[in-house]
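The block underneath contains the structure these notes are about, expressed in structure tokens.
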């Protein structure tokens, strides 16, 4: 039984070490405030919303999927 | 474990783990070390420093995680939906099914648009990969894979090839020929090889490189021409279910989400895991970058979709409702990033307002789970693939 524990331990020690290294690296990250991040996301939306065909629909003639075209196949 | 292989001279608490057991007495650099046999084994394998054990590492891990949460929390001065209160509400959407693509004989698992905004490729459990013309519903190419459950497919940026993979553990690239008589499947070339199913694949900015993610917990970058592995990415502790490449202006990163409930952001050149987000309560089925590249959304079996900002390094929105109890399997943003389309296992697609966090509308039509939703490259249409064997184009 201890054998099983030993095998799991050797694997988990290297895993735990990797996790510690990874967390140390993530801790060094430069973060910005959520208010700034949210403002940037909103600004992006605002800048592009007029070009968004699903929010500001373009006339049906310009949207190839909305055009009324009839496709008939002769069987 | 019964140690019969050495004579235990002493018995007592181990210097390393503290448990009382027969001790091996050895000398390292003239210092007596009294470890029990399993700690001795561990030390021999790992080159552990004196006094460092699994317990101390785990404790360090926990304290680092707590500190990370605190640091992230300090910057949470306001919620996204609060900032977005002054933004105009999105009007009613007039999105309807415009095309229904029938042809697959089993569940459609994945689809991708071509950059020409009209063609798309879809792959299915029936082992077939079909290239469609979205305008005319014409099937331009149909290829049979040697395996069922083709779970991933992608269109090359040039429009001249498609990549697909699934239970065969490989991702293959098939050049599409203009000659309709030619058998495309014969020219298939195996590029990626994993040790478990392929759950997602995408070309990078050119036809020359392919990114794949797999049920074996790794993702990898391959050179298409030679099939060589350029970089591999390790870090997930379970199957990876989805990946997405950052929009081209923002550089060489991609995000993956998997069954370990984590979404990880990777640097393609170094192979490093740059950021990790663990907020979901169940498997993450899909991840997708926000069009600006500064954020991404994820869909999960916990019936929520979440929105993470990369520069603030935290979750900034959760899209959920008490009435939604089925898992979300796929997400995509509209062109401006204001709308989030999420496909669920209750056969519907919910449209969320990304900034306000509210649901705008629901799209009904499919008769089984929605497995994938993708916006066309110019944002005019949305294509959804479903387990009801069809794809629908909405506009």
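Throughout, read-outs are computed from the coordinates displayed, never taken from laboratory work. The model shown is predicted, which means the values in this text are computed figures rather than measured ones. Note: ideal-geometry Cβ built from the backbone for every residue, glycine included; neighbour counts use all protein chains shown.
Pick from B:84, B:220, B:92: which residue has the top mean-square fluctuation in a GNM of chain B where Cα pairs under 10 Å get a spring?
B:92
Normalised by the number of residues in region B:193-272, what is the relative contact order in percent for Cα pairs under 8 Å and 6+ residues apart?
So the answer I get is 22 percent.
Taking Cα atoms, how many degrees apart are the long axis of helix B:54-74 and the longest axis of chain B, rounded to 10 and kept between 0 and 90?
40 degrees
Relative to the compact-globule scaling 2.2 N^0.38 Å, provide the ratio for the alpha-carbon radius of gyration of the protein assembly as shown.
Cα-based Rg divided by the globular estimate yields 1.13.
Arrange the following residues from fewest to most other Cβ atoms within 10 Å of their Cβ: B:347, B:35.
With the fewest neighbours first, B:347, B:35 line up as B:347, B:35.
Divide by every residue of chain B the summed helix terms, -39500 (n - 2.57) for each DSSP H run of at least 4, and state the resulting mean residue ellipticity at 222 nm, rounded to the nearest 500 deg cm²/dmol.
After summing the helix terms and dividing by the residues of chain B, the value is -2500 deg cm²/dmol.
Taking one equal scatterer on every alpha-carbon of chain B, how large is log10 of I(q)/I(0) by Debye at q = 0.11, 0.14 1/Å?
Taken in order of the listed q values, log10 I(q)/I(0) reads -0.80, -1.15.
Build a GNM of chain B with springs between Cα atoms under 10 Å: which of B:207, B:322, B:294 gets the top mean-square fluctuation?
Greatest mean-square fluctuation among the candidates belongs to B:322.
Averaged across B:305-314, how many Cβ atoms of other chains sit within 10 Å of each residue's Cβ atom?
Across B:305-314, the average partner-chain Cβ count within 10 Å equals 4.
Applying a 10 Å radius around every beta-carbon, put B:150-162, B:334-346 in order of their mean neighbour count, most first.
Values: B:150-162: 22.1, B:334-346: 23.6.
Packing proxy ranking, top to bottom: B:334-346, B:150-162.
Would you tell me the mean number of C-beta atoms belonging to other protein chains that fall within 10 Å of each C-beta in B:289-301, as a whole number?
Per-residue shielding by partner chains comes out at 2.
Based on the Cβ-Cβ distance of residue B:94 and residue B:321, what FRET efficiency does E = 1/(1 + (r/R0)^6) give at R0 = 22 Å, to the nearest 0.05?
In this case the efficiency is close to 0.45.
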